[in-house]
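Have a look at the structure below, then the notes.
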Amino acid sequence: MRRPSLDADRLAALAPDLVVEVLETTTSTNAVAAERAREGAPEGLVVVAEHQTAGRGRLNRTWETPARSALTFSLVLRPTVSPADWPWLPLLTGHVVAKTLRAAGYDAGVKWPNDVLLGDQKIAGILLERVETGTGPAAVVGVGLNVSLTADELPVPTGTSLLLASGAAPDRTALLVSLLGSLREAYDAWQAGGSAATARLRSSYVAGCVTIGREVRVEMPSGEPITGRAAGVDESGRLVVAGATGETVVGAGDVVHVRATDQ
């Protein structure tokens, strides 16, 4: 299968506040972006890898794909919002990725907190890391999106790719340009809009979240699961689960897995 490289010239033509660094091979774009942030990289630096050999997900899960078969990139941000609002960043990212894919014709949705699905199959994962730097904390937002993987190349059987979903792989450069533009626009609007913008994000996120309304089983580190109906998302981005004994609120950092039980 022919898998073209990203077009560096087209990426260089992005908005001036986005600077894209393309690496042929790296272990983890999040690790590189974090190091760039510690070295003083400004907000808007994007590190993208043609081949990521040791990508990381939540709970240090590993993720690797063949060269040029995915979009693996990390964006350096330096939020000015309150630290209490930072948990919305990965949810915002998942929401924007799903929204961008829907605009491109894919039936995408977000599984709380930020996995992007096509149907019940995972198409993209997102990892947010806080990095302490000499000029204050930065956020590194990593995205891994399966583009042209075949069924035999999928890292897990519950995953999928844009190729498998539609029969054709899109232009990765055009898709990356669209994703970065949408992410920056949504991030800027959220930062500038205060509590009203967070309320709008919450409403839009819930509308596109496939978890809401389903019966779920939330696996906790303690080993004691929480079961019930995913009733909504609170003002801090936490999942509200309505069970037999009432409502329980869980944050993304508190859970191991969230699984639908009504399939």
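Values for this structure:
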{"read-out": "Candidate set: the stretch 234-258, residues that are among the polar types (S, T, N, Q) and assigned to a loop (DSSP other than H, G, I, E, B); chosen: the one surrounded by the most Cβ atoms within 10 Å (Cβ to Cβ)", "value": "236"}
{"read-out": "Hits in the stretch 150-190 (condition: within 22 Å of residue 75 (Cα to Cα), outside any loop (DSSP other than H, G, I, E, B) and of a type in the set (D, E, K, R))", "value": "172, 184, 185, 188"}
{"read-out": "Any chance residue 262 is of a type in the set (D, E, K, R) and closer than 18 Å to residue 89 by Cα", "value": "no"}
{"read-out": "So residue 148, is it among the hydroxyl-bearing types (Ser, Thr, Tyr), surrounded by 17 or more Cβ atoms within 10 Å (Cβ to Cβ) and modelled with pLDDT of 95 or more", "value": "yes"}
{"read-out": "Residue that is surrounded by the fewest Cβ atoms within 10 Å (Cβ to Cβ), among those in the stretch 191-214 that are of a type in the set (D, E, K, R) and part of a helix (DSSP H, G or I)", "value": "200"}
{"read-out": "Selected residue [within 25 Å of residue 8 (Cα to Cα), of a type in the set (A, V, I, L, M, F, W, C) and in contact with a strand residue (DSSP E or B) (Cβ under 6 Å, 6 or more places away or on another chain)] from 206, 97, 177", "value": "97"}
{"read-out": "Residue 117 surrounded by fewer than 24 Cβ atoms within 10 Å (Cβ to Cβ) and outside the structural domain of residue 235 (by TED's automatic domain parsing)", "value": "yes"}
{"read-out": "Residues (loosely packed, with under 14 Cβ neighbours inside 10 Å and in contact (Cβ under 8 Å) with a residue 60 or more places away in the chain) located in the stretch 1-37", "value": "1, 4, 5, 15, 17"}
{"read-out": "Residue 217, sole failed condition from (1) charged (D, E, K, R); (2) at pLDDT 95 or above; (3) part of a strand (DSSP E or B)", "value": "(2)"}
{"read-out": "Subset of the stretch 72-92 [among the charged types (D, E, K, R) and modelled with pLDDT of 95 or more]", "value": "78"}
{"read-out": "Criterion violated by residue 229 - all others in (1) in the same structural domain as residue 94 (by TED's automatic domain parsing); (2) surrounded by 13 or more Cβ atoms within 10 Å (Cβ to Cβ) satisfied", "value": "(1)"}
{"read-out": "Selection from the stretch 222-254 of residues that are of a type in the set (A, V, I, L, M), under 11 Å from residue 112 (Cβ atoms) and touching an Asp or Glu at 6+ places or on another chain (Cβ under 9 Å)", "value": "230, 240, 241"}
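The values are calculated or read from the model by the stated rules, or taken from the named source; none is laboratory data. Note that the structure is a prediction, hence the values are computed from the model and not measured. All Cβ positions, glycine included, derive from the backbone under ideal geometry; neighbour counts span all protein chains shown.
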